[in-house]
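The structure appears below as structure tokens.
The values are calculated or read from the model by the stated rules, or taken from the named source; none is laboratory data. In this text, all values refer to a predicted model and were calculated from it rather than measured experimentally. Please note: Cβ atoms are built from the backbone with ideal geometry, for glycine as well, and neighbour counts cover all protein chains shown. Ligands, DNA and RNA are excluded from the accessible area calculation, which covers all protein heavy atoms including side chains. Shrake-Rupley method; radii C 1.70, N 1.55, O 1.52, S 1.80 Å.
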Amino acid sequence: MTRKPDGPLRKGWTTGACATAATRAAWQALLSGAFPDPVGITLPRGETPHFALVKQETGPGWARASVIKDAGDDPDVTHQAEIIATLRQAKPGAGISFHAGAGVGMVTKPGLPLPVGEPAINPKPREMMVAQILELAASFGVQPDVEIEISIPGGEDIAQKTWNPRLGIIGGLSVLGTTGVVIPFSCSAWIHSIHRGIDVARATGRPHIAGATGKTSESAIKALYKLPDEALIDMGDFVGGMLKYLRRNPVANVTIAGGFGKLVKLAQGHLDLHSSRSQVDMVKLAQTADNAGADEALCNAIRTANTARHVLELCASQNVNIAEIIARQARETAMATLDGACAIEVVIFDRQGKMVGRAGRLALPSCSSHTGPARGC
């Protein structure tokens, strides 16, 4: 994860805002023969950004404009991408329609805010673009009959770095943004993706999903249960965001998979596992080790240990299975948050992907209560 820089951070503009600006410019050119450059739009919360145009092209019955996305100081994978809007006159009475150009994905699975078969241009950006079309159509005294095609060069490759393939959005990126503004290093985009992953799992009838804190634990839990990609939730540090959404939108069986350090935080009651927002309490961890049978010397070493990983190594050297207790405690935190909405298990892996702790019972065929790392189903 990119480290957040010090000092004030510059906001940016979403792909939805950029597509809206390019749409307004192309529509105005189609109606008047002239492009506004820069082009200004009003966002849902009243901001009035202006965008310099890159492309300005016209032909019989069509116009094309583009802008470069500026995500500010956010480590957005679409920063500096070119967002292109091509508008074509439609038949009288056809209204406004949306189309995916190169680099914009298509929806292929249910559970998203758009029906299967639609271009991945989300409802709020569509609403923003429609508002521009209607405003200019009224000004020029014409009917708003137009086809809007959004394209993003290189979008299909960029999309491989996003959740889109897992969500069933094929062929490119999504055009996103509810406010039009990118808040640098905001958690909202990641949590939004967690929610959409759960929605797709529910809509496709998945009986079991797994949220992982990182790639090692995700690969390990995928192999353990032979889970398809759409059953995997890239939870990261946001276990609370996943669990709270599941409480309102349950899936029958949920596995939380992660490394020892992250899940110690969950065991100690933290729902945000990021290092800047929660820390491992070594005194509490020493008490947990004491309950697991650690001697006084080991407990003292734990209290002064540098990292949770070091604690796991110290305990392993003396055959103290602290990970099993941490798994049970982490599951208790998760169960309290879920309030009975789902069956839940917690699985802890070391850095090599070896299971070191497990707790919970899932309602899956041939599953039994998981009380140790040797059991599976």
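I'm trying to understand the selection: among the residues of segment 134-180, which are in a loop (DSSP other than H, G, I, E, B) and open to solvent by 60 Å² or more (accessible area, probe 1.4 Å)?
Result: G141, Q143, P153, L176, T178.
Considering only segment 92-110, state which residues are open to solvent by less than 30 Å² (accessible area, probe 1.4 Å) and outside any strand (DSSP E or B).
Result: G95, G101, G105.
Look through T58, T48 and report the one residue that is part of a loop (DSSP other than H, G, I, E, B), of a type in the set (V, I, T), without any contact (Cβ under 8 Å) to a residue 60 or more places away in the chain and open to solvent by 70 Å² or more (accessible area, probe 1.4 Å).
The match here is T48.
Among the residues of segment 98-106, is there at least one that is over 15 Å from A159 (Cα atoms) and at pLDDT below 95?
Checking segment 98-106: not a single residue is over 15 Å from A159 (Cα atoms) and at pLDDT below 95.
Within segment 236-259, how many residues are touching a strand residue (DSSP E or B) at 6+ places or on another chain (Cβ under 9 Å), open to solvent by 10 Å² or more (accessible area, probe 1.4 Å) and over 21 Å from G353 (Cα atoms)?
1
What are the pairs with Cβ atoms under 9 angstrom where one residue, in segment 276-303, is in contact (Cβ under 8 Å) with a residue 40 or more places away in the chain and under 14 Å from Q329 (Cβ atoms) and the other, located anywhere, is assigned to a helix (DSSP H, G or I) and open to solvent by 40 Å² or more (accessible area, probe 1.4 Å)? Sequence gap at least six, or different chains.
Filtered contacts from segment 276-303: T288/Q329.
Here are the criteria: (1) within 22 Å of P123 (Cα to Cα); (2) modelled with pLDDT under 95; (3) exposed (fewer than 13 other Cβ atoms within 10 Å of the Cβ). Tell me which single one T14 does not satisfy.
(3)
Taking the conditions exactly as written (modelled with pLDDT of 95 or more and exposed (fewer than 14 other Cβ atoms within 10 Å of the Cβ)), does A63 satisfy them or not?
Judged against the criteria, A63 is not a match.
Tell me, please, whether a residue that is touching a Ser or Thr at 6+ places or on another chain (Cβ under 6 Å), open to solvent by less than 40 Å² (accessible area, probe 1.4 Å), under 20 Å from A100 (Cβ atoms) and β-branched (V, I, T) can be found in segment 181-198.
For segment 181-198, residues touching a Ser or Thr at 6+ places or on another chain (Cβ under 6 Å), open to solvent by less than 40 Å² (accessible area, probe 1.4 Å), under 20 Å from A100 (Cβ atoms) and β-branched (V, I, T): absent.
In segment 199-209, which residues are closer than 16 Å to I256 by Cα and either among the acidic types (D, E) or surrounded by 21 or more Cβ atoms within 10 Å (Cβ to Cβ) (or both)?
A201, I209
Could you please give the count of residues in segment 260-280 that are open to solvent by less than 60 Å² (accessible area, probe 1.4 Å), among the charged types (D, E, K, R) and outside any helix (DSSP H, G or I)?
The qualifying residues number 1.
Are there any pairs, at least 6 apart or on different chains, whose C-beta atoms fall under 9 Å, with the first in segment 3-29 and within 13 Å of Q132 (Cα to Cα) and part of a loop (DSSP other than H, G, I, E, B) and the second polar (S, T, N, Q) and modelled with pLDDT of 95 or more, and if so, which?
No pair meets every condition.
Working only within segment 330-344, note down all residues that are open to solvent by 20 Å² or more (accessible area, probe 1.4 Å), in a helix (DSSP H, G or I), within 14 Å of R361 (Cα to Cα) and of a type outside the set (K, R).
Within segment 330-344, E332, M335 meet the criteria.
Between a residue in segment 75-95 that is free of Cβ contacts under 8 Å to residues at least 40 places away in the same chain and any residue that is open to solvent by 30 Å² or more (accessible area, probe 1.4 Å), which pairs come within a Cβ distance under 9 Å, given they are 6 or more apart or on different chains?
Q80/I68; Q80/D70
Name the residues in segment 261-295 that are in contact with a helix residue (DSSP H, G or I) (Cβ under 9 Å, 6 or more places away or on another chain) and on the phi > 0 side of the Ramachandran plot, would you?
G269
Here is a yes/no grid of residues against (1) crowded, with 16+ Cβ neighbours inside 10 Å; (2) in contact with an Asp or Glu (Cβ under 7 Å, 6 or more places away or on another chain); (3) of a type in the set (F, W, Y); (4) over 30 Å from R248 (Cα atoms):
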position: M282; (1), (2), (3), (4): yes, no, no, yes
position: A297; (1), (2), (3), (4): no, no, no, yes
position: Q318; (1), (2), (3), (4): no, no, no, yes
position: I326; (1), (2), (3), (4): yes, no, no, no
position: R351; (1), (2), (3), (4): no, no, no, yes
